[in-house]
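Visitor: Take this structure first; my questions come after.
The values are calculated or read from the model by the stated rules, or taken from the named source; none is laboratory data. Predicted model, so just to flag it, every value in this text is computed and none were measured. A quick note on method: Cβ atoms are made from the backbone with ideal geometry, for glycine too, and the neighbour counts reach across all protein chains shown.
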Amino acid sequence: METNDTISISIAVLPGDGIGPEVTAPALEVLHAVAKNRGFKVDAREHGAGAGHYRDHGSALPEATVKAVEDADATLLAAMGLPDVRCADGTEIVPQIDLREIFGLYGGVRPIRAWLPSAVPLKDPRGADIDFVLVRESTEGLFVERGKRNGDADHATDTMRVTRSVSEKLFHFSFQLARQRRGQLTLIDKANVLGSMAFFREIFDAVALEYPDVEARHLYVDAAAMLMVQRPWDFDVMVTENMFGDILSDLAAGLVGGLGLAPSGDIGDKAAIFQPSHGTAPDIMGKGIANPLATILSVSLMLDWLGRRWEDQRLIAGAADVDAAVAKALAEGAATTIDLGGSVCTADVAQAVIARLGT
């Protein structure tokens with residue numbers, strides 16, 4: 001980051017596998033275009049990671065890449081993993097999860113917005129739009145047991161880990177996010193059955209006392225899944241455990257047209273990684289039809305996070321420009337890829353968004 005009148009952001013770029021490089025390239029085009037419009041600089045450098053890197057070099061997450069993520073102001077990461085490339089123990093290659101744990105990226109932000117009304121399967125009779133954020137704790141919960149097999153030939157056991165220190169950070173982060181939006185935060189748990197979730201709720205309620213201006217609510221995860229389908233427009237910010245968030249974020253994306261419109265950010269105290277919520281989609285790799293909008297919208301999240309962190313209005317305005325350009329391009333049919341019912345190719349989406357920046 002440069003100070004004074006000039007600001008430059010350094011971005012570590014991890015293009016990943018499958019369609020990852022195909023959706024990363026247009027997102028970077030948009031990033032450079034908005035930087036030019038808003039008067040800041042971007043130093044974006046690519047680094048190897050993922051299943052392809054593991055297959056070719058024997059490492060899914062090289063130390064040099066970890067160091068690059070550490071040194072960068074933020075990271076743009078595409079999907080990683082290939083079905084035919086596995087670790088020696090047979091598990092999937094998921095360096096993106098490793099990075100969350102290495103850098104303590106506890107705040108998994110999943111914004112859900114009705115960008116394209118025709119792609120939304122549910123309509124509010126009152127005319128309200130779907131616009132909420134699901135915050136997924138991304139470093140513990142049931143995911144602490146990944147890569148392990150606890151048990152024997154007759155049983156297997158996974159442990160859910162909830163710590164006070166991480167939960168308090170998560171809840172402060174979520175309440176502050178709710179303050180920036182409509183002032184409502186809903187905890188999603190299973191506190192009626194699991195002791196770990198009762199503990200999770202106790203911490204939430206204690207932190208809630210520090211935010212009397214935010215309406216704090218509770219929902220059990222099964223009820224939340226039902227209400228997300230029945231009344232998704234009633235939610236503002238939701239916060240939950242790692243596994244619950246993994247499941248509900250895909251459900252949420254389905255409410256607004258699919259994962260092609262679902263950006264995400266994994267945010268910690270000192271680092272943040274932004275990526276589309278979708279996978280590598282190897283079945284359409286190389287066909288030029290992948291939807292890059294989730295990655296482009298992840299760029300917007302990244303700019304907004306950096307702008308608020310540094311209190312720089314150019315970055316915040318740049319994020320708003322990207323959102324507005326995406327909305328306009330979709331409304332005019334210039335960015336509707338095959339998954340959204342259109343025929344626009346991957347490369348043309350970037351140009352459609354760039355043409356509408358600042359208009």
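Visitor: Mind checking which residues of region 327-348 are over 19 Å from Gly254 (Cβ atoms), assigned to a helix (DSSP H, G or I) and among the aliphatic types (A, V, I, L, M)? Steps first, please.
Guide: From region 327-348, those over 19 Å from Gly254 (Cβ atoms) are 327-329, 331-335, 343-348; that's our starting set.
Next, only the ones that are assigned to a helix (DSSP H, G or I) stay: 327-329, 331, 346-348.
Passing the criteria: Ala327, Ala329, Ala331, Ala347.
Visitor: Also, quick follow-up: Go through region 90-135 and give me each residue that's assigned to a loop (DSSP other than H, G, I, E, B) and either under 21 Å from Pro15 (Cα atoms) or of a type in the set (Val, Ile, Thr) (or both). Lay out the reasoning, then the answer.
Guide: Filtering region 90-135 for residues assigned to a loop (DSSP other than H, G, I, E, B) gives 90-91, 93-94, 103-106, 114-116, 120-130.
If the condition is that a residue be assigned to a loop (DSSP other than H, G, I, E, B) and either under 21 Å from Pro15 (Cα atoms) or of a type in the set (Val, Ile, Thr) (or both), then Thr91, Ile93, Val94, Phe103, Leu105, Val120, Ile130 are the ones that fit.
Visitor: Further question: Cβ contacts < 7 Å: first residue under 15 Å from Ile97 (Cβ atoms), restricted to region 145-160; second residue assigned to a loop (DSSP other than H, G, I, E, B) and of a type in the set (Val, Ile, Thr), any location; separation 6+ or different chain. Result?
Guide: Sorted first by the residue in region 145-160, then by its partner, the pairs are Glu145/Thr159; Gly147/Thr91.
Visitor: Count, please, the residues in region 189-213 that happen to be β-branched (Val, Ile, Thr) and touching a Ser or Thr at 6+ places or on another chain (Cβ under 9 Å). Give the derivation first.
Guide: In the first step, residues of region 189-213 are kept if they are β-branched (Val, Ile, Thr); the result is 193, 203, 207.
With touching a Ser or Thr at 6+ places or on another chain (Cβ under 9 Å) added as a condition, the list becomes 203, 207.
Number of matching residues: 2.
Visitor: On the basis of being touching an Asp or Glu at 6+ places or on another chain (Cβ under 7 Å) and either among the acidic types (Asp, Glu) or surrounded by fewer than 17 Cβ atoms within 10 Å (Cβ to Cβ) (or both), does Arg86 make the cut?
Guide: For Arg86, the condition - touching an Asp or Glu at 6+ places or on another chain (Cβ under 7 Å) and either among the acidic types (Asp, Glu) or surrounded by fewer than 17 Cβ atoms within 10 Å (Cβ to Cβ) (or both) - is met.
Visitor: Here's something else I'd like to know. Which is in contact with an Asp or Glu (Cβ under 8 Å, 6 or more places away or on another chain) and farther than 27 Å from Ala208 by Cα, of Ala119, Ala114?
Guide: Numbers: Ala119 fails: in contact with an Asp or Glu (Cβ under 8 Å, 6 or more places away or on another chain).
One residue alone meets the criteria, Ala114.
Visitor: Of a type in the set (Lys, Arg), free of Cβ contacts under 8 Å to residues at least 60 places away in the same chain, at negative phi and not in a loop (DSSP other than H, G, I, E, B): does that describe Arg182?
Guide: Details: of a type in the set (Lys, Arg): yes; free of Cβ contacts under 8 Å to residues at least 60 places away in the same chain: yes; at negative phi: yes; not in a loop (DSSP other than H, G, I, E, B): no.
The answer is no for Arg182.
Visitor: Of everything in region 235-272, what is under 14 Å from Arg136 (Cα atoms) and of a type in the set (Val, Ile, Thr)? Give them in sequence order.
Guide: If the condition is that a residue be under 14 Å from Arg136 (Cα atoms) and of a type in the set (Val, Ile, Thr), then Val237, Val239, Thr240, Ile247, Ile267 are the ones that fit.
Visitor: Answer yes or no as to whether Ser167 is among the polar types (S, T, N, Q), touching a helix residue (DSSP H, G or I) at 6+ places or on another chain (Cβ under 8 Å), assigned to a helix (DSSP H, G or I) and surrounded by 14 or more Cβ atoms within 10 Å (Cβ to Cβ). It would help to see each step written out before you state the result.
Guide: Values: among the polar types (S, T, N, Q): yes; touching a helix residue (DSSP H, G or I) at 6+ places or on another chain (Cβ under 8 Å): yes; assigned to a helix (DSSP H, G or I): yes; surrounded by 14 or more Cβ atoms within 10 Å (Cβ to Cβ): yes.
Judged against the criteria, Ser167 is a match.
Visitor: In addition: What single numbered condition from (1) surrounded by fewer than 21 Cβ atoms within 10 Å (Cβ to Cβ); (2) over 26 Å from Thr337 (Cα atoms); (3) within 20 Å of the chain's Cα centre (by Cα) fails to hold for Val120?
Guide: For Val120, the exception is condition (2).
Visitor: Select from region 333-350 the residues that are surrounded by fewer than 19 Cβ atoms within 10 Å (Cβ to Cβ) and in contact with a helix residue (DSSP H, G or I) (Cβ under 8 Å, 6 or more places away or on another chain) and list them in ascending order. Steps first, please.
Guide: Step one: list which residues in region 333-350 are surrounded by fewer than 19 Cβ atoms within 10 Å (Cβ to Cβ), which gives 333-334, 338, 341-343, 345, 347-348.
Across region 333-350, the qualifying residues are Ala334, Gly341, Ala347.
Visitor: Any residue that is modelled with pLDDT of 95 or more, under 30 Å from Ser10 (Cβ atoms) and in contact with a His (Cβ under 7 Å, 6 or more places away or on another chain) - is there at least one of those in region 290-298? Quick ask: steps written out before the conclusion?
Guide: First pass over region 290-298, keeping only residues modelled with pLDDT of 95 or more: 290-298.
Checking the rest, the ones that are also under 30 Å from Ser10 (Cβ atoms) come to 290-298.
Pick out the ones that are also in contact with a His (Cβ under 7 Å, 6 or more places away or on another chain) and you get 294.
There is at least one residue in region 290-298 that is modelled with pLDDT of 95 or more, under 30 Å from Ser10 (Cβ atoms) and in contact with a His (Cβ under 7 Å, 6 or more places away or on another chain).
Visitor: Kindly check whether there is at least one residue in region 63-70 that is without any contact (Cβ under 8 Å) to a residue 12 or more places away in the chain and over 24 Å from Ala325 (Cα atoms). Lay out the reasoning, then the answer.
Guide: Step one: list which residues in region 63-70 are without any contact (Cβ under 8 Å) to a residue 12 or more places away in the chain, which gives 63, 67.
Among the residues that remain, those that are also over 24 Å from Ala325 (Cα atoms) are: 63, 67.
So far as region 63-70 goes, yes, one or more of its residues are without any contact (Cβ under 8 Å) to a residue 12 or more places away in the chain and over 24 Å from Ala325 (Cα atoms).
Visitor: Is it fair to say Asp323 is of a type in the set (Asp, Glu), in contact (Cβ under 8 Å) with a residue 12 or more places away in the chain, under 18 Å from Phe40 (Cβ atoms) and in a helix (DSSP H, G or I)?
Guide: Numbers: of a type in the set (Asp, Glu): yes; in contact (Cβ under 8 Å) with a residue 12 or more places away in the chain: yes; under 18 Å from Phe40 (Cβ atoms): yes; in a helix (DSSP H, G or I): yes.
Judged against the criteria, Asp323 is a match.
Visitor: Further question: Considering only strands (runs of 3 or more DSSP E) fully contained in region 213-292, which possess at least 2 residues that are small (Gly, Ala, Ser)?
Guide: Values: elements: 215-220, 237-240, 263-267, 272-276.
Where strands (runs of 3 or more DSSP E) fall fully within region 213-292 and carry at least 2 residues being small (Gly, Ala, Ser), they are 263-267.
Visitor: If you don't mind, there's one more thing I want to ask. Is one or more of the residues making up region 276-288 in contact with a helix residue (DSSP H, G or I) (Cβ under 6 Å, 6 or more places away or on another chain), at pLDDT 95 or above and closer than 30 Å to Met197 by Cα?
Guide: Yes: region 276-288 contains one or more residues that are in contact with a helix residue (DSSP H, G or I) (Cβ under 6 Å, 6 or more places away or on another chain), at pLDDT 95 or above and closer than 30 Å to Met197 by Cα.
Visitor: Here's another thing I want to ask about it. If Ala27 meets every condition in (1) over 24 Å from Ala290 (Cβ atoms); (2) in a helix (DSSP H, G or I); (3) under 22 Å from the mean Cα position of the chain (by Cα); (4) in contact (Cβ under 8 Å) with a residue 40 or more places away in the chain apart from one, which number is that one?
Guide: Among (1) over 24 Å from Ala290 (Cβ atoms); (2) in a helix (DSSP H, G or I); (3) under 22 Å from the mean Cα position of the chain (by Cα); (4) in contact (Cβ under 8 Å) with a residue 40 or more places away in the chain, Ala27 violates only (1).
Visitor: Looking at region 49-73 only, could you name the residues that are farther than 13 Å from Leu303 by Cα, in a loop (DSSP other than H, G, I, E, B) and either of a type in the set (Phe, Trp, Tyr) or in contact with a strand residue (DSSP E or B) (Cβ under 8 Å, 6 or more places away or on another chain) (or both)? I'd like the intermediate steps shown before the answer.
Guide: Step one: list which residues in region 49-73 are farther than 13 Å from Leu303 by Cα, which gives 49-72.
Keeping just the survivors that are in a loop (DSSP other than H, G, I, E, B) gives 49-50, 58-62, 72.
Within region 49-73, Ala49, Gly50, Ala72 qualify.
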